[in-house]
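Quick note: the coordinates plus some simple rules give every number you see, no bench work behind them. Worth saying up front: this structure is predicted, and the values here are computed from it rather than measured. Cβ atoms come from the backbone with ideal geometry, glycine included; neighbour counts cover every protein chain shown.
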Amino acid sequence: MTRLLKEPTLPAGFEALEPYVEVWARDDFQSRFEARFTSDMDAIREFYDQMQPRADDALRFLESLPLGALPPEAERLFKLLMALAHVAVSVERHGQPGPKGVGWPTTLRVTQGSFPP
């Protein structure tokens, strides 16, 4: 039986982050915001603990590529870095998915961000 090879989800060397792509590699700010607010702290902390030590390597890798023409696997890695910025607030500041006193769903809706353009 022939097995079809799947397109790489993340660049070589970042395979350990694979389990986080589906939840955290979101296309825009609002989607990342929603993922953070609807995840429990255990899931947020797990992603943070795996992604944070790889952030510098990921940045170095991405800086070697043209930002406007990232291959799909590099774009997913970029989106994981963007998600790290979101969850870092929960882990380092709030100790919970969102600020104290702010419930979900919230009325905040970000409709335009810097990426994608």
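Data for the structure
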{"read-out": "Packing-based ranking, highest mean first, of 30-36, 10-16, 76-82, 41-47 given that Cβ atoms within 10 Å are counted", "value": "76-82, 30-36, 41-47, 10-16"}
{"read-out": "Value in Å of the Kirkwood radius, where segment 24-94 supplies the Cα pairs that are averaged", "value": "12.5"}
{"read-out": "11 Å beta-carbon shell around F61, net charge (K/R +1, D/E -1)", "value": "-2"}
{"read-out": "Counted charge near F14, where neighbours are those whose Cβ lies closer than 13 Å (Asp, Glu -1; Lys, Arg +1)", "value": "-2"}
{"read-out": "Karplus 3J(HN,Hα) series, Hz, for segment 92-97 with 6.51 cos²θ - 1.76 cosθ + 1.60 (x for Gly, Pro)", "value": "7, 10, 8, x, 7, x"}
{"read-out": "Under 14 Å, Cβ to Cβ, from D27 - net charge with Lys/Arg +1 and Asp/Glu -1", "value": "0"}
